[in-house]
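K.L.:
Below are the structure tokens for one structure; questions will follow.
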Number of protein chains: 2
Amino acid sequence: MTTPPSGLRERKKQATREALREAALRLAVERGPDQVRVEDIAEAAGVSPRTYNNYFASREQAIVSAVTADREARVAAAVAVRPAGVSLADAVTDAVVEQYTATGEHDPRALLLITTRTALRDAYLDATAGIAPPLTAVIAERLHDTGEHTARVLAASVAAAVRIALEGWLQPAGNAEAAEGLAAGGLVVPSGSLPDRLRAVLAPLAPALDAAERRTRP
Amino acid sequence: MTTPPSGLRERKKQATREALREAALRLAVERGPDQVRVEDIAEAAGVSPRTYNNYFASREQAIVSAVTADREARVAAAVAVRPAGVSLADAVTDAVVEQYTATGEHDPRALLLITTRTALRDAYLDATAGIAPPLTAVIAERLHDTGEHTARVLAASVAAAVRIALEGWLQPAGNAEAAEGLAAGGLVVPSGSLPDRLRAVLAPLAPALDAAERRTRP
DNA sequence: ACGCAAACTTGCGTGCACGCACTTTTCCTG
DNA sequence: CAGGAAAAGTGCGTGCACGCAAGTTTGCGT
């Protein structure tokens, strides 16, 4: 179960993936993301440029994945670790906050680079959707497979909420276009720490998580 | 409010947009989506190819937007219409089901084409995210601006749920890769009508919608 | 009414995503 | 243990997304 049935072939795939990730991030940090061509990344990883995009659909995806790659699995694992006593909502919330505040052992320049350049920022936000599949698995386990859809919907909602938190966190000033008619309220708190933002966006989903959990064993 | 401050210039923009949409869809239906180049679409709409992608980031986006363009606004409007008596969860659910079962006055071949070709299918699914912004507005209104995040999170969750429903609906047979370890349950209902699917995925979110609404006026 | 400034459009050039056909590597089965 | 098939890597070609730097239209101020 921990090791999928795949044998020795899968490792080289993951190794190549890792090599591409690392090369992409390293080159991007060294010379700036716009001065890195796909050819360079492929060469640094020891593969053909054609092979590169059998793994990644865009340059930004490759760079960002070096930072977000394992977070997907880590979030799910962090949820799984929580004892059965705590509510699903608390487990998910704490796990998310825990994993997104952990800086990891990455080059601090990397995160700075990503949050600065718009293209990378967008790719980073899109990557948050990647936590949904593993989250679906652990949530489904806690729910004892009560309705296949439920776990997927809740996981996707959590991912969407996290994305919103990151969007807000990464904005120095408000962008008018997204809010449109919403800005009428006027009273918005543009700043705030990331953990606070994460808890704020996950709070509205807590009732749904609790309700789903309650439905399994009354 | 209904008319943004923009004057007469904005109309030509929308007209061009509409022309590109219509041209893209018509040509795609006529000769198949792979036999349509951007140059053809631009020519049919009477603009330069360069102008085309000031409006759309990809060919698929242009084609799909001809079908999904007004749905975004319609869903939100359908929610706004519901009387204040019905719960937010019911309002949203009914509105979504109503708008996604309404075929619209489109060429039936168009929807068939979109659901068939993979690239178009993906673009169609991505387009569901577009309902979130207008939904945010109407939900925020019902919530009397109780927490700016709440409406955004709920709207995004609804959009994500709708996407899941459509994903499942558009699959002839199960794709093994997405489910991964989830297929262990074995008992899945692969088919089912679209309205049923929509209600199924929105049900888990109802507690969150109700809780948010309840928080405004106890 | 006139002209200026902002915006939309356009042509050009570059790098890239991706399909197709082929070679090489890896794994499974008789 | 060998043969063969599936899968990964590679080369090549085509159309496209997007930056840049004009040209052109729209709308506003005086």
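K.L.:
Only one of (1) in contact with a Leu (Cβ under 9 Å, 6 or more places away or on another chain); (2) more than 13 Å from DNA strand D (Cβ to nearest atom); (3) more than 14 Å from chain A (Cβ to nearest Cβ); (4) not β-branched (V, I, T) is not met by B:A28, so which one is it?
P.N.:
The single condition B:A28 does not satisfy is (2).
K.L.:
Look at B:R109 and say whether it is open to solvent by 50 Å² or more (accessible area, probe 1.4 Å), over 22 Å from B:A15 (Cβ atoms) and not polar (S, T, N, Q).
P.N.:
Spelling it out, B:R109 is indeed open to solvent by 50 Å² or more (accessible area, probe 1.4 Å), over 22 Å from B:A15 (Cβ atoms) and not polar (S, T, N, Q).
K.L.:
Checking the condition closer than 21 Å to B:E105 by Cβ and either within 11 Å of DNA strand D (Cβ to nearest atom) or of a type in the set (D, E, K, R) (or both), which residue from B:E60, B:E10, B:E22 passes?
P.N.:
Criteria check complete, one pass: B:E22.
K.L.:
Within segment B:134-160, work out how many residues are at the interface with chain A (Cβ under 7 Å from one of its Cβ atoms) and touching a residue at least 40 places away in the same chain (Cβ under 8 Å).
P.N.:
The qualifying residues number 4.
K.L.:
Sort through A:A161, A:A140, A:A123, A:A156 and tell me the only one that's under 23 Å from B:A156 (Cα atoms), within 16 Å of DNA strand D (Cβ to nearest atom), open to solvent by less than 30 Å² (accessible area, probe 1.4 Å) and not assigned by TED's automatic domain parsing to the domain that holds A:V36.
P.N.:
Selected residue: A:A123, the only one of A:A161, A:A140, A:A123, A:A156 that is under 23 Å from B:A156 (Cα atoms), within 16 Å of DNA strand D (Cβ to nearest atom), open to solvent by less than 30 Å² (accessible area, probe 1.4 Å) and not assigned by TED's automatic domain parsing to the domain that holds A:V36.
K.L.:
Next question. Give me the helices (runs of 4 or more DSSP H) completely within segment B:35-96, filtered to those with at least 2 residues that are within 16 Å of DNA strand C (Cβ to nearest atom) and open to solvent by 50 Å² or more (accessible area, probe 1.4 Å), ordered by residue number.
P.N.:
B:38-45, B:49-55, B:59-68
K.L.:
Consider A:G130 carefully, then state whether it is farther than 30 Å from A:R31 by Cα, out of contact with any His (no Cβ under 9 Å at 6 or more places or on another chain) and not hydrophobic (A, V, I, L, M, F, W, C).
P.N.:
Here the answer is no, as A:G130 does not meet what is asked.
The values are calculated or read from the model by the stated rules, or taken from the named source; none is laboratory data. Given the structure is predicted, the values throughout are model-derived calculations rather than measurements. With ideal geometry, Cβ positions are generated from the backbone for all residues, glycine too; neighbour counts draw on all protein chains shown. To get the accessible areas, we keep the full protein, side chains included, count just its heavy atoms, and leave off ligands, DNA and RNA. Shrake-Rupley method; radii C 1.70, N 1.55, O 1.52, S 1.80 Å.
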